[in-house]
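Single-structure report; data block below.
The values are calculated or read from the model by the stated rules, or taken from the named source; none is laboratory data. If you're wondering where the values come from, they're calculated on a predicted model, not measured in any experiment. No Cβ is skipped: glycine too gets one built from the backbone with ideal geometry, and neighbour counts run over all protein chains shown.
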């Protein structure tokens, strides 16, 4: 995302909202929509330029993130989470 300016990102999200509305009004009548953006190799980005995926969703479609909670998530005490939040907040532009 670092190579896309704020104005372009805003425009892309407006288009995504229009796509969402169009999908829901279409004859396909999706029951939900996921927007997906991968930024970086660790996020499983495969094509290294900006692109936003718009996935029409249906109840029971089997699509989704699969993860092992014990392996992929660390539960922290509130105090530590607050410390992390402050660090991230200090870097907001």
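Out of 76, 35, 52, which single residue is touching a helix residue (DSSP H, G or I) at 6+ places or on another chain (Cβ under 8 Å), at pLDDT 85 or above and farther than 24 Å from residue 1 by Cβ? Give the derivation first.
Values: 35 fails: farther than 24 Å from residue 1 by Cβ; 52 fails: farther than 24 Å from residue 1 by Cβ.
After applying the criteria, what remains is 76.
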| message | Of the conditions (1) loosely packed, with under 11 Cβ neighbours inside 10 Å; (2) within 30 Å of residue 93 (Cα to Cα); (3) modelled with pLDDT of 90 or more, residue 59 satisfies every one except a single condition; which number is it? | response | (2)
| said: Take the residues in the range 25-46 that are without any contact (Cβ under 8 Å) to a residue 24 or more places away in the chain and closer than 19 Å to residue 62 by Cα; name whichever of them is surrounded by the most Cβ atoms within 10 Å (Cβ to Cβ). | reply: 35
| Single residue of 70, 43 found to be out of contact with any helix residue (DSSP H, G or I) (no Cβ under 9 Å at 6 or more places or on another chain), modelled with pLDDT under 90 and closer than 19 Å to residue 3 by Cβ | 43
| What tally of residues in the range 72-91 results from selecting those that are exposed (fewer than 10 other Cβ atoms within 10 Å of the Cβ) and under 21 Å from the mean Cα position of the chain (by Cα)? | 6
